[in-house]
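Participant: Got a structure for you, written out below as structure tokens; questions coming shortly.
Nothing in this text is a laboratory measurement; each read-out follows from the coordinates by a stated rule. Keep in mind the model is a prediction, meaning the values are calculated, not measured. So basically every Cβ, Gly included, is an ideal-geometry build from the backbone, and we count neighbours across all protein chains shown.
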């Protein structure tokens, strides 16, 4: 690949937008040529518009770029979006209609029947929806591909090898989610100090619905939801990055513990075969220590793109239980969208 | 009641020991006349032996008391024990053999077939085991009554009205437990900073086993375990006091949401009828706000003796789900033992 | 005192406003008859308008009160205000002009030459300014009395006995301030997680200026600033309540260590003599343990109205050093204003 | 340099020991050939002996190494030590007597008159003490070089350019120190939760004494302490890594603000000239944002070897004030010792 694709970031000043900029700084296939945001930062140069909240400095290339409004056209060939849900639908839709491929981390279009809710290791064949989508929505080559909610990505990635090999019929997931998932300023420090919050608006519903679509089957008529039941209870805890989930699963057939672990450990998929730049060598890492995974120690595994699973054990009520962890703003957001775009490039859908 | 019973505290310098001292400072039925500990503090006066870790000061009466070894005899009529598990068995056993009633918060004897694992609101009839126990173990009036593990008390108290009214057949509990549950020094600050620990040694097993005994039926042959399945996954979070649990339940019959909530709200039992000093007016408080219970806001409800339940909803996999919270060193430890003792007094088993 | 004074709270939904309501719930001299706020809550009943962020429940009396706009008239005889600085000046000024005594925790009027910046234990004679103020500002009995910034109250209270007995010529204070000082939502959790913030806007200037006024002398021409130099560096730390300050002082004469400690310990003043309801028995508590004061252990001393001082030692650069702590929303805000009002009642300025 | 020096780590299983192993993994001049520890880990392989507490995994090379006792001989040419103070004196002394150069992070020998207390950017000429030390202590080539306490390194590095250019006569430092400074398990989570601890044993004394030696002059008779007064107040805060200090300085002559900042910004020294591997390009980074430095955002500047200074301002009591930050286990411990060793290599004292 000789020429880099020119990309624009919608929501560039937010937590996920900053991750996009950080992760794309030296990307071999993409270079950022436009930044846009929905807030008061429009018209300012990025270093004035954005309080950088990640470690280190704003990448040099971004400092002097002017922040535009999230409206087409932008000087780029491809859009990454992490706009807030309420304005994402109008803005992303407008870019798609104007002919831009939109790789979105927002929730706005995820459950639309003709929009792929993509995890490259799990359901790349869902990209078949793009034909329908283009036919229906736009005559100019634009389209929308979304990635799931940060917790759902982790859960669906953990379930994928189990569902594929054994069939999953029931899932009970209890999450302990990091602060960065709420954006900035997000959760007030007084709210979470010496505390846990048992509520994240809309999160339980997203996990319960998106999982069925992701693990569903692509049919000519659309995605057929996976025939399983999913229960989610979500909590916010005082952790900066890294979502943890305690998961129980019910399987369609009897499976041995080692067989189950092996399904996790041996799991690789198309992104690994294609050698996509952001694809981790091991999408799922299984740890045997009794006290892992832990957010602080494991969130950066595989450059934040691997999920880590531990405490795999038989369960008294369902069949098995385990604890899963992933970096919520990398594998769970910006990194997810970038991997989606890398897959689109590698499969010829972006050039 | 004119004369107070004279009580001794085993494990007086620990976190739960300090709670015993705090809660008994002005108790109408008990006065502390002996303090014992297993550590280097023996022979010192309490204010030298103990670094007080609760808010406020060491109660004046305790300051000058000399810390004894946890061996009989002690100058008291009744023992409260919060000794570490490894030495509790020998020490508590010795006190019972020497004729002392031992009200224990330790795990040593909880699962012994002839030892009541008591929550006064839930299974006071289990005190019937004391006849067997006395017959078998000691001829002098000593016996052992235990309270459950801190997380189990909360869970069993939440399940009790459901099990009584509807029958509970399956329970899936995921805990987020406070630091004080690990004692002092307990969890290292570096271990929990920006982190969650998905492992508390022995905790999942305790919850899964103790719950069946507590909710079991007293028969002349002993306790018949409740016919239900319990699954527990336990986590340590950066909260000082207050254990939280996300719970799903499967019920033996179809129950409406309001009927379920009403079972919680209307629940009172023998301690409330008897007006026991430490019994909260409402053992279970149900909150309707979407983001409650929270450890910091709800742990002190009912002076730390009520549990708070919220987010009661139908569940996709089991029948219902909810979030429960209780103060782990009050209702979950020292307060539990004191309420046990109050019940023994009120039912004539201590005088 | 037979009849309670009817009081209104401006800024009732904020952190300090909630403290006013909590502290006044059973106050012998005041009863709340009006609640006002500057935000979207106007016209709602308080329980709908306010997310209660203190432990426990909204006091029953307040739940059904309707939140008014912070404009005169309100149905009360006296105003407590904790409005944000930007709107306090207009609102409090309007109430004073309309004849209401305004007891303010806001910064708006603190440095006005004719407004007392009052700590009852320190400078009650500054109330002499009220004559000037009434003459100048209003013909109807209204006036404004302010309390200092939360950190300044602690510092000035600690310095008062030293300045009175020995003369203080230099003060170097470095604060570690609690999250509640920033109100709600205040500091973002992501900003303070695993972090310290070395900046609180305007705080260093307030401490450096207000201290000179508080410790200054009342003259017929106004307050003559105390002849000392004050240096403040302010930091936000991950503590919910309780401001800590590391303080060095330079004294006008040679003083022994015990003499210095005795000045702290023996300090009482007019509020203690008058037996004001909120006056702590010991305004300053000195602790001898090497690791005290600590926010979590000492902030509630004297019901949050005592400050706690520890680590009193000679200093290599100035003369002495110590660490001071106080509850920033009680002694540092709502409790301070209430004590001011109690002094006004006791000295006949409110009836 | 063709051959790497073979080094042994004393205290290899501790927090600083782990940093040594992490930082030396791919070091161009040193390779670890021996690991020793004072605890129960002796005789085990490192991966069994050590619970790795840094992000990522134990470096592969270290996993299978057997942990030895901290006694000579060890299979290496050079010793890095981070032993606890109480055993460091005997152990390090024995290694020096046995002919090993000992580069120590321990406090045991820091204040010995013939032992350099070295910061390569500040006082490399203090290495002149090695002649005396060798003459006095050992005939075989062994010697001891120490680095200062973690807080002192930061302070002395910040003061060095000021003292060199303007003369510093007084220093008032108030620290907010990270948890990792106390090692593992170190501070109990219950002790620091929602809290600040105003006491770190021995820390204030170390800062006040070590600073005078570091900034002192090397004379043939030894180090002449710097003619300045230093005051330190030390606090532990809930931060994992990164010590912060609020500093005021009194200077020997009048200096302008820009001149002062320029002294920080332009500061480079021998390690930068020699291009030592661990030497940061900028030993001191000055930030102009009002809210920097912050531990989480700035501790990794210069790979943890730069200190960051902000909020440089005139002071009311001394002359100037600023806030300084450094990574306490890199620049403040393991990285400091490694830089010391690199200087010894570059100046021919290790080959």
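Participant: Across peptide A:176-182, how many C-beta atoms of other chains are within 10 Å of each residue C-beta, on average?
Facilitator: The shielding value for this peptide is 3.
Participant: Counting alpha carbon pairs within less than 8 Å and at least 6 residues apart, what relative contact order, in whole percent, applies to chain B?
Facilitator: Relative contact order here is 16 percent.
Participant: Kirkwood Rh and Cα-based Rg: tell me the resulting Rg over Rh for segment C:152-301, rounded to two decimals.
Facilitator: 0.98
Participant: OK, next. Below 8 Å between Cα atoms, with a sequence gap of 6+, how large is the relative contact order for segment B:1-118 in percent?
Facilitator: Averaging sequence separation for qualifying contacts and normalising by length gives 27 percent for segment B:1-118.
Participant: Could you order peptides A:219-226, D:281-288, B:29-36 by the average number of other Cβ atoms within 10 Å of their residues, highest first?
Facilitator: Put in order of decreasing packing, that is B:29-36, D:281-288, A:219-226.
Participant: Rounded to the nearest 500, what is chain C's calculated 222 nm mean residue ellipticity when only DSSP H runs of at least 4 contribute -39500 (n - 2.57) each, over all residues?
Facilitator: Theoretical 222 nm ellipticity from helices: -8000 deg cm²/dmol.
Participant: Which residue is it, in chain A, that holds its beta carbon closest to the axis of the A-onto-D rotation, and how many whole angstrom away?
Facilitator: Smallest Cβ distance to the axis, with its residue: A:194, 2.
Participant: Taking Cα atoms, how many degrees apart are the long axis of helix C:15-24 and the longest axis of chain C, rounded to 10 and kept between 0 and 90?
Facilitator: Here the helix axis deviates by roughly 80 degrees.
Participant: log10 I(q)/I(0), Debye, Cα-only segment C:154-233, no solvent, q = 0.12 Å⁻¹?
Facilitator: So the normalised log intensities work out to -0.45.
Participant: Taking every eigenvalue of the Cα gyration tensor of chain B, multiplying by 5 and rooting it, what semi-axes result, largest first, whole Å?
Facilitator: 32, 24, 18
Participant: From the label point of residue B:31, set 7 Å along Cα to the beta carbon, how far off in nm is each other copy's matching point, shortest first?
Facilitator: Between copies, matching label points for residue B:31 lie 4.1, 7.5, 8.6 nm apart.
Participant: Taking the mean number of other Cβ atoms within 10 Å as a proxy for protection, how do you rank D:49-58, D:156-165 from highest to lowest?
Facilitator: D:156-165, D:49-58
Participant: Can you check what the Kirkwood hydrodynamic radius comes to for segment D:50-123, Cα pairs only, in Å to one decimal?
Facilitator: Kirkwood hydrodynamic radius for segment D:50-123: 14.2 Å.
Participant: Something else about it: Taking each residue in A:313-325, count the Cβ atoms of any other chain within 10 Å of its Cβ, then average. What number comes out?
Facilitator: Mean inter-chain Cβ contacts per residue within 10 Å come to 4.
Participant: Would you calculate the separation in nanometres between label points at residue C:39 and residue D:266, each defined as 7 Å from the Cα along the Cα-to-beta-carbon direction?
Facilitator: 5.1 nm
Participant: For residue B:300, place a label point 7 Å from Cα along the Cα-to-Cβ direction in every copy; what are the distances to the other copies, in nm, shortest first?
Facilitator: 0.4, 4.0, 4.0
Participant: Between residue D:4 and residue D:48, with labels modelled 7 Å along Cα→Cβ, what's the label distance in nm to one decimal, could you check?
Facilitator: 2.5 nm
Participant: Inter-copy label distances at residue C:272, 7 Å along the Cα→beta-carbon direction, one decimal in nm, shortest first?
Facilitator: 4.7, 5.6, 7.3
Participant: What do the square roots of 5 times the Cα gyration tensor eigenvalues come to for segment B:134-180, in whole Å, largest first, as semi-axes of the equivalent ellipsoid?
Facilitator: 30, 18, 8
Participant: Also, quick follow-up: Residues of segment D:148-171 with backbone nitrogen within less than 16 Å of a virtual label 7 Å along the Cα-to-Cβ line of residue D:259, please, listed as ranges.
Facilitator: From segment D:148-171, the list is D:161-169.
Participant: Right, another one. Can you tell me the 0 to 90 degree angle between the C-alpha axis of helix A:85-97 and the longest principal axis of chain A, rounded to 10?
Facilitator: Helix A:85-97 sits roughly 60 degrees off the main axis of chain A.
Participant: In degrees between 0 and 90, to the nearest 10, how far off the longest principal axis of chain C does helix C:335-346 point, with axes built from Cα atoms?
Facilitator: 80 degrees
Participant: Taking the highest mean first, how do the peptides C:178-190, D:229-241 order by number of other beta carbon atoms within 10 angstrom per residue?
Facilitator: Going from most to least packed, we get D:229-241, C:178-190.
Participant: Indicate the gyration tensor shape class of the protein assembly as shown (rounded, prolate or oblate), computed on the Cα atoms with a ≥ b ≥ c the square roots of the eigenvalues: a/c under 1.5 is rounded; otherwise a/b larger than b/c is prolate and the rest oblate.
Facilitator: Rounded.
Participant: Translational diffusion coefficient, Stokes-Einstein: compute it for segment A:238-314 using the Kirkwood radius over C-alpha pairs as Rh, at 25 °C and 0.890 mPa s, and state it as an integer in µm² s⁻¹.
Facilitator: 178 µm²/s
Participant: Also: What does segment D:1-99 give for Rg and for Dmax, in Å, if only its C-alpha atoms count?
Facilitator: Rg and Dmax of segment D:1-99, Cα atoms, are 12.6, 38 Å.
Participant: Based on alpha-carbon centroids, what's the gap between segment C:246-262 and segment D:118-163 in Å, whole number please?
Facilitator: Between the Cα centre of segment C:246-262 and that of segment D:118-163, the gap is 36 Å.
Participant: Counting partner chain Cβ atoms within 10 Å of every residue's Cβ in B:286-294, what's the average?
Facilitator: Per residue, the number of nearby Cβ atoms from other chains is 3 on average.
Participant: Once Rh is set to the Kirkwood radius over Cα pairs, what Stokes-Einstein translational diffusion coefficient, in µm²/s, holds for segment A:43-198 at a temperature of 25 °C and a viscosity of 0.890 mPa s?
Facilitator: It comes out at roughly 134 µm²/s.
Participant: Roughly how far apart, in whole Å, are the Cα centres of segment D:1-68 and segment B:22-55?
Facilitator: Centre-to-centre (Cα) distance: 44 Å.
Participant: Right, something else. Just grab the label-to-label distance for residue D:31 and residue A:94, each label 7 Å out from Cα along the Cβ direction, in nm (one decimal).
Facilitator: Here the modelled spin labels are 6.1 nm apart.
Participant: In addition: What is the distance in Å between the Cα centres of segment B:186-227 and segment D:171-200?
Facilitator: Going from one Cα centre to the other spans 33 Å.
Participant: How high is the FRET efficiency from residue B:135 to residue B:274, r the C-beta distance, R0 30 Å, rounded to 0.05?
Facilitator: Step by step, r from the Cβ atoms, then E = 0.65.
Participant: Give the average over all directions of the projected area of the C-alpha convex hull of segment A:84-164, one decimal, in nm².
Facilitator: 5.2 nm²
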